[in-house]
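Comments concern the structure below.
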Amino acid sequence: MGAHRRPPHTAPGRAARAGVLSAAAGAVAVLTVVPVAAEPGGSSSSTAATERVDELFADAERAVEAYNGTSERVEELRAEVEQRQDQLARGQAEVNSKRHSLGSLAAAQYRSGGVDPEVALMLSEDPEQYLGRVSTLDRITTRQAGELRELRTAQRLMEQRRAEAEGTLGELEREKSRLARQKQEVQEKLAAARRQLERLSTEERRERERAARSADREAREAREDRASGAAAASGETAPVSAVPASGRAGAAVSAVRQALGKPYVWGQTGPNGFDCSGLMQWAYARAGVSLPRTSQAQAGAGRRVPLSQVQPGDLVVYRSDASHIGMYVGGGQVVHAPYPGTQVRYDPVGMMPVSGVVRP
């Protein structure tokens, strides 16, 4: 870019604000809070108040993503419990069937084997018919031994499945308890964040918006400088705009735009409300792509690309712990679900520090 711009390290005020403050309508802040330089005429108490809002919303969003991960595990365990219980029922039916078969064979053997074979032969009016019955009983005895072995095997398998089902059910109950604790934690953190936000004055809110615009401007300039430098080194011309979305990326962008204006609802994946990772999962599902549930898992659900090469449809991961995520839609903007009390909206891609870009 032009030579009149200062390198990022010479603008500590703007760079620091880029590390903590949210987008123009108030997106969430960073994991590690960097001191924000006050605007001329501003006060340190005003800066501290806005920093505190960002801290609280960031903490709440981390709690939301932890809740999402546990919720996903609970659903997996529920399905596993159902599967194991079905296997157990089938195993019990098999054991019952083998027991019935063995009982029938034993009864037949008892009815035919109550007299000594030699005496029965002498008393028999039809020795050939008797010898035929003895041969049949021998075969029944051999079959009975085989059925008994199968019964014992089926019983051992059923006991193993019963133990596995009980273990899975126990884990499910523990995860459900953990989920309830996390839900309470989310509610408490969000309540604290809302209270702090309500305490901000009109001027403090404006300061947040100014800082967000400054953060995005610096991020955009740095991105353009990197792209220009790379192009100069390779002898190519830097791209003027992002590659248009197409294919599944285009379908995901179209879907995420359809969600604009829908409320942020933590723990939800649409279609009437979303949290940040729920929105990404829902949008890409409309494009036929299955994404994991949490922002941390989504951060690894594709190919990493440099921010300077971001394209519409790419997932933009925020904060060092990947606790927030949005979708790049072109024009230097992402669509994301910021935090409770807001709606799905556009915000500058540089609204907070980017930890990575993923192309599903």
Seminar exercise, completed: Given the conditions (1) assigned to a loop (DSSP other than H, G, I, E, B); (2) open to solvent by 30 Å² or more (accessible area, probe 1.4 Å), every one holds for Pro338 apart from (2)
Seminar exercise, completed: When every residue in the stretch 272-281 that is open to solvent by less than 40 Å² (accessible area, probe 1.4 Å) and of a type outside the set (Ser, Thr, Tyr) is compared, the one nearest to Tyr328 (Cα to Cα) is Met280
For this session: Look through Gln281, Gln309, Gln343, Gln298 and report the one residue that is modelled with pLDDT under 95 and in contact with a strand residue (DSSP E or B) (Cβ under 7 Å, 6 or more places away or on another chain).
Result: Gln343
Exercise. Looking at this structure, is Met327 in contact (Cβ under 8 Å) with a residue 40 or more places away in the chain and under 18 Å from the mean Cα position of the chain (by Cα)?
Worked result: yes
Seminar exercise, completed: Pairs returned, first residue in the stretch 256-278 that is closer than 25 Å to Ala191 by Cβ, second residue that is part of a helix (DSSP H, G or I) and hydroxyl-bearing (Ser, Thr, Tyr), beta-carbon separation under 7 angstrom, 6 or more apart or interchain, are Gly267/Tyr67; Gly267/Ser71; Cys276/Ser295; Ser277/Ser295
Problem set entry | Hey, Ala145 over 30 Å from Gln182 (Cβ atoms), open to solvent by less than 50 Å² (accessible area, probe 1.4 Å) and either at pLDDT 80 or above or in a helix (DSSP H, G or I) (or both) or not | yes
For this session: Kindly list the number of the only condition in (1) in a loop (DSSP other than H, G, I, E, B); (2) among the hydrophobic types (A, V, I, L, M, F, W, C); (3) touching a Pro at 6+ places or on another chain (Cβ under 8 Å) that fails for Met351.
Result: (3)
For this session: Identify all residues within the stretch 307-328 that are open to solvent by 10 Å² or more (accessible area, probe 1.4 Å) and either part of a strand (DSSP E or B) or in contact with an Asp or Glu (Cβ under 6 Å, 6 or more places away or on another chain) (or both); write none if there are none.
Result: Tyr328
For this session: Check the stretch 189-201 and report whether any residue there is surrounded by fewer than 17 Cβ atoms within 10 Å (Cβ to Cβ), modelled with pLDDT under 75 and within 25 Å of Ala58 (Cβ to Cβ).
Result: no
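The values are calculated or read from the model by the stated rules, or taken from the named source; none is laboratory data. Keep in mind that this is a model prediction, so the values were computed, not measured. Neighbour counts run over all protein chains shown; Cβ positions are idealised from the backbone, glycine included. The protein model used for the area step is the full one, side chains on, heavy atoms only, and it has no ligands, DNA or RNA in it. Shrake-Rupley method; radii C 1.70, N 1.55, O 1.52, S 1.80 Å.
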